[in-house]
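> My structure is below; once you've seen it, I'll send some questions.
Every number in this text was worked out from the coordinates using simple rules, so none of it is lab data. What you see is a predicted model, and the numbers here were worked out from it, not measured in a lab. A quick note on method: Cβ atoms are made from the backbone with ideal geometry, for glycine too, and the neighbour counts reach across all protein chains shown.
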Amino acid sequence: MANERHYSAADRLLLQADAALRTLLPFSGKPYRPSPAQSEPETQLDAGQARHVAGLMRVNHTGEVCAQALYQGQSLTAQLPQVRSAMEQAANEEVDHLAWCEQRIRELDSRPSLLNPLFYGLSFGIGAAAGLISDRISLGFVAATEDQVCKHLDDHLGQLPEEDRKSRAILEQMRIDERQHAATALEAGGLRFPAPVKFGMSLLSKVMTKTTYRI
Ligand SMILES: [Fe+2]
Ligand SMILES: [Fe+2]
């Protein structure tokens, strides 16, 4: 490809560090697309509702932190350049989700999870390890993770107060994007993971959702 860039190992490490900081530092991820919440009216939620929605959006935000880390880990170790660039494109779309969720959390007078660095590290390791084994496994992880994320999103959409159209708009657009990411990963040759692996992943995600709803 004519416009393909070549980075040295040191360049790659710096890019990884930059991506990690942009994911973990508050207000540092600049979205490529405006938030779908922008065109929706703000509604007054009572204190209990606002706390609950902030908890849900915090879980989604950490999910996006994990997605960032997974993609970054993979882009470090993916063997085929096409896989690497496909992953980078998806990671850019996750930046939107990350920024939209954070913005909504702040609007609800709350903050992202304090556990984000921990989950970033874990997911980065999983992504890098999967990429080292094979691109098929690596892409399979994307597909399985996105499936998991879609399940959370469905669950959260069911839990949102009817009047919170801003949060709803964000989660609905995210669901569209995540479905696409899962489909792209499978089309690119991703392995369909067997049920036990998926079960393990859903246990891990349960730990994440239970902890980050509050912390
Ligand atoms: Fe996402
Ligand atoms: Fe995604």
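> When the helices in the chain are scored as -39500 (n - 2.57) per DSSP H run of 4 or longer and the sum is shared across all residues, what 222 nm value do you end up with, to the nearest 500 deg cm²/dmol?
Rounded to the nearest 500, the figure is -25500 deg cm²/dmol.
> Right, next: Once you sort the root eigenvalues of the Cα gyration tensor of the range 133-215 as a ≥ b ≥ c, which label holds: rounded (a/c under 1.5), prolate (a/b larger than b/c) or oblate (the other case)? Intermediate values should be presented prior to the final figure.
On the way: a/c = 2.99, a/b = 1.56, b/c = 1.91.
Because a/c hits 1.5 or more and a/b fails to exceed b/c, the range 133-215 counts as oblate.
> Using the alpha-carbon atoms, what tilt in degrees (0 to 90, nearest 10) does helix 81-107 show relative to the longest principal axis of the chain?
The two axes meet at around 20 degrees.
> Something else about it: Are any of the pairs 30/166; 151/198; 30/198 more than 24 Å apart by Cα-Cα distance, and if so, which?
From 30/166; 151/198; 30/198, over 24 Å: 30/198.
> Separate question: Expressed as an acute angle from 0 to 90° and rounded to the nearest 10, what is the orientation of the C-alpha long axis of helix 47-77 relative to the principal long axis of the chain?
10
> For the range 95-189, run through the GluC sites (Glu not before Pro) and keep only the ones in DSSP coil with at most 11 other Cβ atoms within 10 Å of their Cβ.
Here the sparse-neighbourhood loop sites are 162.
> If I stretch the segment between residue 43 and residue 172 completely, what's the gain in nm (0.36 nm per residue apart, minus their alpha carbon distance), one decimal?
Numbers: separation 129, 0.36 × 129 = 46.44 nm, distance 1.78 nm.
Here the segment from residue 43 to residue 172 would lengthen by 44.7 nm.
> Using Cα pairs closer than 8 Å and at least 6 residues apart in sequence, work out the relative contact order for the chain, in percent.
Once normalised by length, the contact order is 28 percent.
> Can you tell me the orientation of helix 165-187 relative to the chain, as the angle in degrees between its alpha-carbon axis and the longest Cα principal axis, to the nearest 10?
20
> What range in the chain is the longest one free of chymotrypsin sites (Phe, Trp or Tyr not before Pro) that are in a loop by DSSP and have at most 12 other Cβ atoms within 10 angstrom? Write out the running numbers ahead of the final one.
Details: sites that count: 7, 27, 32.
Maximal segment without exposed cleavage sites: 33-215.
> How long is the gain from residue 11 to residue 132 if the chain were fully straight, where each residue apart is worth 0.36 nm and the alpha carbon distance is subtracted?
That pair, residue 11 and residue 132, stretches by 41.6 nm at full extension.
> Moving on. For labels at residue 199 and residue 92 in the simple 7 Å Cα→Cβ model, what's the distance in nm?
Simple spin-label model gives 4.0 nm for this pair.
> For the chain, modelled as a Gaussian network with Cα springs under 10 Å, which listed residue fluctuates most, 160, 204, 56?
With Cα springs under 10 Å in the chain, the top fluctuation among 160, 204, 56 is at 204.
> While we're looking at this one, here's another question. When a/c is below 1.5 the answer is rounded, else prolate if a/b is larger than b/c, else oblate, so apply that to the chain with a ≥ b ≥ c taken from the square roots of the Cα gyration tensor eigenvalues.
It comes out prolate by the Cα gyration axes.
> Right, another one. Could you work out which residue, out of 79, 38, 180, moves most in a Gaussian network model of the chain, that is, has the largest mean-square fluctuation with Cα springs under 10 Å?
38
> Next question, about the same structure. Would you mind finding the longest exposed-site-free stretch of the chain, with exposed trypsin sites (Lys or Arg not before Pro) meaning DSSP loop and at most 13 other Cβ atoms within 10 Å?
By the stated rule (loop sites, at most 13 other Cβ atoms within 10 Å), 6-191.
> Over the chain, with a Gaussian network built from C-alpha contacts below 10 Å, which listed residue (26, 196, 34) shows the highest mean-square fluctuation?
Top of the fluctuation ranking is 196.
> Another question, if that's okay. Starting from the Cα-Cα distance between residue 25 and residue 109, subtract it from 0.36 nm times their residue separation and give me the gain in nm to one decimal.
So the extension gain works out to 28.5 nm.
> P(r) for the range 67-115: what percent of alpha-carbon pairs falls in each 10 Å bin, starting at zero?
Answer for the range 67-115: a P(r) of 25, 39, 24, 11, 1 percent.
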